[in-house]
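Below you'll find the structure, written out as structure tokens, and then a few comments.
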Amino acid sequence: MKIMVVGGGGREHAIIKKIKLNKNVSEIFALPGNGGMAQDATCVNIGAKDIPAIVDFAVEKGIDYAIVAPDDPLVLGAVDALEEKGIPCFGPRANAAIIEGSKVFSKNLMKKYNIPTAQYEVFDNMDAALKYLETAPIPTVVKADGLALGKGVIIAETREMAMDAVKSMMQDKAFGKSGETIVIEEFLTGPEVSVLAFTDGETVVPMISSMDHKRIGDNDTGLNTGGMGTVAPNPYYTDDIAAECMKTIFIPTMKAMNEEGRTFKGCLYFGLMLTPNGPKVIEYNCRFGDPETQVVLPLLESDLLTVMQAVTNGKLRDINVRFSDKNACCVIMASKGYPTDYEKGFEMTIPDEISDNVYVAGAKLEGDKLLTNGGRVLGATAVASSLKSAIDGAYKLVSQIHFNNAYYRSDIGAKALRARED
Ligand code: AMP
Ligand code: GLY
């Protein structure tokens with residue numbers, strides 16, 4: 001089988017490494033991929049948002065199965081366009097990807113179907129939003145409606161910050177069209193949990209839970225990033241909480257999407273907060289998380305391609321999706337200065353013996369040299385029987401990888417370890 005994976009980061013590298021294990025797979029193409037995955041896939045210089053070129057490539061190459069990993073192409077209808085040409089895909093169609101593409105859509109969906117989430121108001125008029133903020137409870141959270149590279153959420157500690165956030169989105173158009181409509185919502189507290197789930201619209205199979213580390217600095221300080229590291233499972237996510245989430249959040253969401261005529265097939269990502277009043281949805285994503293995938297898939301014991309095809313064919317209920325009971329930790333190595341300004345083009349060395357555990361996100365090949373080419377450069381994942389040894393293992397991998405100006409957090413997993421000890 002010829003497989004095409006749309007996307008080019010660490011998440012896609014983790015998907016590719018897992019797909020490669022299936023004996024029926026003869027070739028994997030990554031569009032665009034990156035130089036660091038050249039050993040695992042053929043990288044093709046087509047951007048993940050260039051849907052006509054993606055479709056032409058798939059038809060020309062006779063692709064048997066396509067996996068669309070990032071949010072943009074999903075929201076833009078890559079799956080719809082590929083399916084029109086008869087190419088089976090993993091990922092939701094555009095009418096279901098809107099669950100991530102529009103926060104107003106997802107908030108209204110949760111309200112309509114009684115799925116627990118933060119209280120909120122929607123505004124498409126700046127003056128009305130500013131007036132509301134004069135008396136709104138503080139802290140509050142201001143969110144751009146559309147996709148904003150993970151930066152469209154501002155936690156405002158003061159009324160002034162909240163008003164500035166509204167002005168930057170609605171007046172200065174900091175996120176372009178994505179910020180023309182905004183959501184202002186209640187500030188929630190509690191541990192955060194990421195749960196990725198396979199669903200074919202009839203069955204939901206949650207994967208092992210995980211914990212992201214979004215801030216750039218140790219002890220969750222500094223700017224928000226795309227994610228600086230992850231551990232799985234998440235110790236806060238007990239069996240009781242998992243059962244509650246299945247009943248109050250996962251199944252109701254799947255059914256709500258069916259009810260709306262927007263059946264979701266693919267990986268549905270639940271960003272949850274375990275509040276004193278029970279688990280609530282902070283956000284939905286229409287795809288695998290990054291870097292959650294880099295800890296969740298290494299713990300998957302079942303064959304990933306078989307599971308994905310079952311999702312596509314509406315046969316998820318017929319298969320058994322098994323996870324190991326081990327722990328995984330992924331530490332992201334970034335370029336110093338990320339998430340703002342950073343230099344790239346530094347030579348990287350990754351010893352061959354550990355390359356199976358390294359998921360490259362931002363690199364390019366120049367001759368036989370691998371050079372850094374992005375903010376987040378790679379993730380190193382270790383799997384072990386205890387969380388502590390998984391964390392130690394991931395940092396040991398990191399110590400063997402070298403490039404100039406490398407930066408990584410030194411406390412990935414520390415909070416999870418403390419939670420275990422409580
Ligand atoms: P999102 O892009 O929606 O995942 O939001 C980014 C981060 O902002 C989340 O991971 C939370 O840490 C935080 N956040 C979002 N919404 C809320 C909320 N209502 N209350 C508290 N924190 C929030
Ligand atoms: N790690 C968060 C995300 O993928 O959106």
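Numerical summary
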{"read-out": "Under 5 Å, built H, 5+ apart or other chain: amide partners of Gly226", "value": "none"}
{"read-out": "Global geometry of the chain, whether rounded, prolate or oblate, following the gyration tensor of its Cα atoms and the 1.5 cut on a/c", "value": "rounded"}
{"read-out": "Reachable aspartates and glutamates, given that their alpha-carbon falls under 16 Å from the alpha-carbon of Lys388 and they are not under 8 places away in the same chain", "value": "Asp325, Asp411, Glu421, Asp422"}
{"read-out": "Shape of the range 204-274, Cα gyration tensor, a/c cut at 1.5", "value": "prolate"}
{"read-out": "Ranking of Tyr395, Tyr284 by count of other Cβ atoms within 10 Å, fewest first", "value": "Tyr395, Tyr284"}
{"read-out": "Backbone HN-Hα couplings from phi across the range 229-238 [Karplus 6.51/-1.76/1.60, Hz, Gly and Pro as x]", "value": "x, 8, 10, 9, x, 8, x, 6, 8, 6"}
{"read-out": "Where only C-alpha atoms are counted, convex hull volume of the range 1-54 per residue in Å³", "value": "65 Å³"}
{"read-out": "Relative packing of 270-278, 209-217, which averages over residues the other C-beta atoms within 10 Å, highest first", "value": "209-217, 270-278"}
{"read-out": "Cα centroid separation, the range 263-285 to the range 30-79 (Å)", "value": "27 Å"}
{"read-out": "At 1.306 mPa s and 10 °C, Stokes D of the range 163-288 from Kirkwood alpha-carbon radius, µm² per second", "value": "97 µm²/s"}
{"read-out": "Residue exposure sequence - Thr230, Thr189 - by fewest surrounding Cβ within 10 Å", "value": "Thr189, Thr230"}
{"read-out": "Cα centroid separation, the range 97-162 to the range 287-346 (Å)", "value": "28 Å"}
{"read-out": "Overall form of the range 258-351 per C-alpha gyration tensor (a/c, 1.5; a/b vs b/c)", "value": "prolate"}
{"read-out": "Stokes-Einstein D in µm²/s, Kirkwood radius over Cα pairs - the range 1-158 at 10 °C with 1.306 mPa s viscosity", "value": "89 µm²/s"}
{"read-out": "Likely footprinting exposure, Glu185, Glu60, fewest C-beta neighbours within 10 Å first", "value": "Glu60, Glu185"}
{"read-out": "Amide hydrogen neighbours beyond the local backbone of Ala30, cut-off 5 Å, H modeled", "value": "Val5, Thr42, Cys43, Val44"}
{"read-out": "Straight-distance crosslink candidates among lysines, where the alpha carbon sits under 26 Å from Lys2 and sequence neighbours closer than 8 are dropped", "value": "Lys17, Lys18, Lys20, Lys23, Lys49, Lys61, Lys85, Lys265, Lys315, Lys364"}
{"read-out": "Lys pairs, the range 92-149 - Cα-Cα below 21 angstrom, 8 or more residues apart or on other chains", "value": "7"}
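Here, each number is a calculation from the coordinates, and none is a lab measurement. Keep in mind the model is a prediction, meaning the values are calculated, not measured. So basically every Cβ, Gly included, is an ideal-geometry build from the backbone, and we count neighbours across all protein chains shown.
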